[in-house]
Amino acid sequence: MASEPSKRDSPPERKRLRVAVLMGGPSPERDVSLASGLQVIQAADPQQYEILPYEITREGKWLPRPDLLRLAAPGSSPQVGAVPEAAVSTALVTHRIEDAVGEGAVDLAFIALHGPYGEDGTIQGLLELLGIPYTGSGVLASALAMDKLRSRQVGLVNGLPFPAFMVVDGGGWPGNRAELVKQFTQELGVPCVVKPNAQGSSIGVTIVRAEDGLVPAVERALEYGEVVLIEEYIQGKELTCAILEDPKTGVPTPLPVVEIVPKREFFNYQAKYQPGASDEIVPARIPAALTHRVQQLALRAHRALGCEGMSRVDMIARESEIVLLEVNTIPGLTPGSLLPKAAAAAGIGFPELVNRIIQGALRRERRRRKAQRA
């Protein structure tokens, strides 16, 4: 009779990669981030990855969220605003960052944080100091892309097309309001678009259709930062093109173009995240030649800012003219988000998308370590 195989005879168990999914944060896009994070937790392959959910609280503390592992059941679709507040003891709140993710506690951080602190180079710099590999772009590209003014300045030097725009400095606004309003309306006219310089998800954005609406729109945008952009209003077809790197080679590739048809005035926060508030058509209903131009512009913008891993470039097409609006380095990963839809159209399901993002980050880390040893 054959004897039972001993543990010594059994093949060694493969070590799973410990991935901390970082979500939440103090930014206005907190709810979007929580939904993105829960979707990532749900999709990550448990055979390859040991997922460690961490919520960054509104106060900036690090809170383990093992309860989210139970919520991320296969087949569920976490909606924005539906992720519950922590149901764990506040005694588990980690005040020292290195206690949460440092000293070998994790192998990689999956950044599902959107907006300020998560998408602007802040968390990236912190993880660099801790020596923890992370998904997405590095410190500089993240900071540039989040800063609409600086990213446009870099883009214009590289020959990328943007709408005509002017800048409001919050420090000079109160004493020169009347003069500035006159200057803006003369040079840009109305309608025009007023937006904060460093917010995402269309937060704080207003389309101004009459001169008397300019002041309240600027003051609303100034609630989110000291710099505000006022740009010409371009009526056309809203398009977006995501870029995804090949995890083996690092070569960035444009995904199918998505056409956005909002059922509101424009593609605002509600239109982006409220189910049924907009139609996203992929591939976009545009000629093949225009599709190619959109994809090449997205690729040029990705490279000009030094983005890594993934990005999504928002544009408007007015007949044959294309203008860029912004580059997103951590696109939404909610059920209704545009990057997952574009990936699906390219034959990349959400679990594979998550896997590619993680594997791409690991490839970049190997490359960095090799460069340091050289």
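Rolling a 1.4 Å sphere over the protein heavy atoms, what is the accessible area per residue of region 137-201, to the nearest Å²?
On the way: 2810 Å² over 65 residues.
Per-residue value: 43 Å².
What is the Å³ per residue value for the convex hull set by the Cα atoms of region 108-261?
Numbers: hull volume 21.8 nm³, N = 154.
Per-residue hull volume (Cα only) is 142 Å³.
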Taking max minus min of the Cα coordinates of region 296-374 on each principal axis, largest first, gives extents in Å of 51, 28, 18
When you count, for each residue, the other Cβ atoms within 10 Å and take the mean per peptide, how do 314-321, 135-142, 234-241, 35-42 rank with the highest first?
-> 35-42, 135-142, 234-241, 314-321
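Among HIS114, HIS292, what's the order by accessible area (1.4 angstrom probe), most exposed first?
Numbers: HIS114 5, HIS292 100 Å².
From most accessible down to least: HIS292, HIS114.
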Dipole of region 215-374, positive direction: furthest Cα of PRO283, LEU239, ALA304, with charges on the beta-carbon | ALA304
How would PHE110, PHE162 line up by accessible area, probe 1.4 Å, largest first?
-> PHE162, PHE110
Of ALA371, ALA346, LEU325, which is farthest along the charge dipole of region 315-374 in the positive direction, counting Lys and Arg as +1 and Asp and Glu as -1 at C-beta?
-> ALA371
On a C-alpha basis, how far is the centre of region 210-231 from the centre of region 292-333 in Å? Whole number, if you could?
-> 25 Å
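Ranked highest first by the average count of other Cβ atoms within 10 Å around their residues, in what order do 169-178, 119-128 fall?
Values: 169-178: 11.9, 119-128: 20.9.
Ranking the peptides 169-178, 119-128 by packing returns 119-128, 169-178.
The values are calculated or read from the model by the stated rules, or taken from the named source; none is laboratory data. Keep in mind that this is a model prediction, so the values were computed, not measured. Here Cβ is always computed from backbone atoms with ideal geometry, including for glycine, and neighbour counts include all displayed protein chains. Just the protein is used for accessible areas: all its heavy atoms, side chains included, with ligands, DNA and RNA removed. Shrake-Rupley method; radii C 1.70, N 1.55, O 1.52, S 1.80 Å.
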